[in-house]
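The values are calculated or read from the model by the stated rules, or taken from the named source; none is laboratory data. Please read these numbers as outputs of a predicted model, since none were measured by experiment. Cβ placement follows ideal geometry from the backbone for every residue including glycine, while neighbour counts extend to all protein chains displayed.
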Amino acid sequence: TRSTRPQRLLKAVQKKAIKGDPQSVISTIDYFCRHSEWAMNVGDEKGAILDSVVCEVSPSTALELGTYCGYSAVRIARLLPPGTKLITLEFNPDYAAVARQIIEYSGLQDKICLVEGASGDLIPKMQELFGIKTLDFVFLDHWKDRYLPDIKLLEECQLLRKGSILLADNVICPGTPDYLEYVRNSPRYESKYFKSHLEYTKVEDGLEKSVFLG
Ligand SMILES: C[C@H](C[C@H]1O[C@@H](n2cnc3c(N)ncnc32)[C@H](O)[C@@H]1O)NC(=O)c1cc(-c2ccc(F)cc2)cc(O)c1O
Ligand SMILES: [Mg+2]
């Protein structure tokens, strides 16, 4: 049977990127998605905003919802200080299998803990599964109608503390209207929109950065 797009993306990485070099894995994926086949990675333009927020927060505990092929997991983990880990959740086993191989190829497997499963099931178990108390940084990039229920779940599970940073992809395209309305109007969040474009296109999209106020 025909290969899948994530499998073709993985092949491009294994063929063209330098093993153990996260930046070359990132550049190879961006080139493939611009010149061969579009894929739903956060991409280079929004990726630069993601990088700047990760560097500013310099999180000790970080969570990503929606690994897909592992592009943003590599982007985030390459910037994390030694001894810190990114936990990333992906419920599609085929995507998770590709992401594991891309993460391994980049050499960041010791900084990334990829867990297969649905965010709604795993978030309530995070403290016991990973021995963490609270999260310093959360990158939301999974089903767009799960953003709002999942941050409410993070609040309920006491996984957010005063100053925790949420960064959400695709708040314009495909769009997360209920999430935006909540974080922009809730007294428990201070929110800011970073205008950008849908990965590898000229379509408007952006990232919403929200600080939990406790
Ligand atoms: C949702 C996907 C990303 C991944 O998230 C995993 N996932 C889901 N729900 C859960 C969960 N509840 N727990 C764990 N993992 C979970 C899934 O399996 C995908 O691998 N992302 C997108 O759909 C996405 C789509 C577009 C897009 C934009 C314009 C178009 F014309 C077409 C598509 C752009 C983007 O930038 C995206 O990010
Ligand atoms: Mg996205």
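Residue check: TRP38 meets all listed conditions (1) buried (at least 24 other Cβ atoms within 10 Å of the Cβ); (2) within 19 Å of GLN7 (Cβ to Cβ); (3) among the hydrophobic types (A, V, I, L, M, F, W, C) but one, namely (1). Within region 71-85, the set of residues being touching a strand residue (DSSP E or B) at 6+ places or on another chain (Cβ under 9 Å) and over 16 Å from GLN101 (Cα atoms) comprises ILE76, LEU80, THR84, LYS85. Of all residues in region 165-190, exactly one satisfies the criterion of being small (Gly, Ala, Ser) and crowded, with 18+ Cβ neighbours inside 10 Å, namely ALA168. For region 137-173, residues that are near ligand 2 (Cβ under 10 Å from one of its atoms) and small (Gly, Ala, Ser) total 1. Please verify whether region 46-55 includes one or more residues that are away from ligand 2 (no atom under 16 Å from the Cβ) and farther than 19 Å from VAL13 by Cβ. Yes, because at least one residue in region 46-55 is away from ligand 2 (no atom under 16 Å from the Cβ) and farther than 19 Å from VAL13 by Cβ. Once region 114-132 is narrowed to residues that are touching a residue at least 24 places away in the same chain (Cβ under 8 Å) and more than 20 Å from ASN92 (Cα to Cα), the residue that is farthest from ligand 2 (Cβ to nearest atom) is GLN127. Quick one: is LEU140 closer than 14 Å to GLU64 by Cβ, more than 13 Å from ligand 1 (Cβ to nearest atom) and at pLDDT 95 or above? Spelling it out, it is not the case that LEU140 is closer than 14 Å to GLU64 by Cβ, more than 13 Å from ligand 1 (Cβ to nearest atom) and at pLDDT 95 or above. Only one of the numbered conditions (1) surrounded by fewer than 18 Cβ atoms within 10 Å (Cβ to Cβ); (2) free of Cβ contacts under 8 Å to residues at least 60 places away in the same chain is not met by GLU45, and that is (2).
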